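Colleague: One structure follows; several queries about it will come next.
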C-alpha cells in the first residue's frame, strides 16, 4: 500500500484522495502531489477509513481504482458518488482513475457494464484531437497506458465529451465541465504493477489465454513497464497539471 497521507487534517489539505482497496493506492499521483508541495489526504475504505460527509474546503478530488465493480452494492461506493456530485456542485474538479472514472460516470447519470474483452497490461489508446482532448492529453494522439479492467463506462453522462478510446474499449476517457474520468491507470508505478502481479487473481491465467490481444502475460507486462513507464509519467504530469489548473482557489 502507498503512503496513506501527508496531511491528517482535511481543514489543511488541498486534495482529497478516495482509495477503495489497500493494493490500489495513489501511486504516481501521490508522488506528483508531493513534488508540487501540495497538501493531501487519502482515505482507504478497506483500511477502515470512513469517507467524509462533505468535500467542502478541498481544491481537488481524486478517486482511485480497485478490483470492485462500480455497480457493487457497497455503501462506500455510493458515498464516493455522492461526494463526486457534491464536488461538481461546489466547482471542485474531480479526476477518476479506472473504478474512479466509472463511479464518476454513474454519479453523473452514465452507465457501467462489463465489456466483451478485458484489458490488462500496456495497451494503446487514442484521443480524438478535440480541443478538450488536447488540453488534457497533449497533441500526440496516441499513448500507451496501463490498463486493468473488465468493466467500463459504456454510456456517458449527459453533456459529457468523449475524449479517447481503444479497440477493445470505446470509452477510455471523458470530460464533463472541469472533471476528467479515465478508464486507464495513469497513476501506475512499477511498484503497483509488482504488487498486482504478485496476486493477479485466480482468473488472470485464463484471461491471458482467452484474450491474447488485450490481456498480457507477466513477461510482456514487465517488458512493457521498462518501455512505457517514463511516457506514462510524462502523460500523468500533463493530466494532473491540467486538473490543477481548473482548481478555483
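Colleague: Packing-wise, with mean Cβ within 10 Å as the measure, how do 195-203, 223-231 rank, highest first?
Modeller: 223-231, 195-203
Colleague: Can I ask one more? So what's the back-of-envelope 222 nm ellipticity for the chain, counting only DSSP H runs of four-plus at -39500 (n - 2.57) apiece and dividing by all residues, rounded to 500?
Modeller: -10500 deg cm²/dmol, from helical runs alone.
Colleague: Which distance in Å, rounded to a whole number, links the C-alpha centroids of region 20-71 and region 151-205?
Modeller: So the separation of the two Cα centres works out to 16 Å.
Colleague: Sorting check: for 50-58, 113-121, 13-21, which peptide has the highest mean count of neighbouring beta carbons within 10 Å, and how do the rest follow? Let's see the in-between values first.
Modeller: Details: 50-58: 16.2, 113-121: 18.0, 13-21: 24.0.
With the highest mean Cβ count within 10 Å placed first, the list reads 13-21, 113-121, 50-58.
Colleague: Over region 33-112, what is the relative contact order in percent, taking alpha-carbon pairs closer than 8 angstrom and at least six residues apart? Please report the intermediate quantities before stating the final value.
Modeller: Values: 91 pairs, mean separation 25.3, N = 80.
So the answer I get is 32 percent.
Colleague: How high is the relative contact order of the chain, given as a whole-number percent (alpha carbon pairs under 8 Å, six or more residues apart)?
Modeller: The normalised contact order for the chain reaches 19 percent.
Colleague: Also: Pull out the extension gain between residue 114 and residue 56, defined as 0.36 nm times the separation in residues minus the alpha carbon to alpha carbon distance; nm, one decimal.
Modeller: That works out to 17.6 nm of additional length.
Colleague: To continue, here is another question. Taking the Cβ-Cβ separation of residue 90 and residue 245 as r and a Förster radius of 22 Å, what is the calculated FRET efficiency to the nearest 0.05?
Modeller: Working: r = 17 Å, r/R0 = 0.79.
E between residue 90 and residue 245, to the nearest 0.05, is 0.80.
Colleague: In terms of the Cα gyration tensor, with a ≥ b ≥ c the square roots of its eigenvalues, is region 119-249 rounded because a/c is under 1.5, prolate because a/b exceeds b/c, or oblate?
Modeller: Prolate, because a/c is 1.5 or more and a/b exceeds b/c.
Colleague: Given 0.36 nm per residue, what is the gain on full extension from residue 135 to residue 220 after removing their alpha carbon distance, in nm?
Modeller: Between residue 135 and residue 220, full extension yields 27.5 nm more.
Colleague: Let me ask you something else. What does the C-alpha gyration tensor say about the overall shape of region 1-126? Classify as rounded when a/c is under 1.5, otherwise prolate if a/b is larger than b/c, or oblate.
Modeller: In terms of gyration-tensor shape, prolate.
Colleague: Listing 94, 112, 220, 215 from the residue with the fewest other Cβ atoms within 10 Å to the one with the most, what is the order?
Modeller: Lowest to highest Cβ neighbour count: 220, 112, 215, 94.
Colleague: Also, I was wondering about something else. To the nearest 0.05, how large is the calculated FRET efficiency for residue 210 and residue 161 if R₀ is 41 Å and r is the Cβ-Cβ distance? Don't skip to the end; give the middle numbers.
Modeller: Numbers: r = 33 Å, r/R0 = 0.81.
Efficiency for this residue pair is about 0.80.
Colleague: At a 10 angstrom cut-off on C-beta neighbours, averaged per residue, how do the peptides 65-75, 204-214, 142-152 rank from highest to lowest?
Modeller: So the order, starting with the most tightly packed, is 142-152, 65-75, 204-214.
Read-outs: derived from the displayed coordinates by stated rules, not from any lab. Treat the numbers as computed from the prediction; the structure is a model and nothing was measured. Quick reminder, even Gly has a Cβ in these numbers, built from the backbone with ideal geometry, and neighbours come from all protein chains shown.
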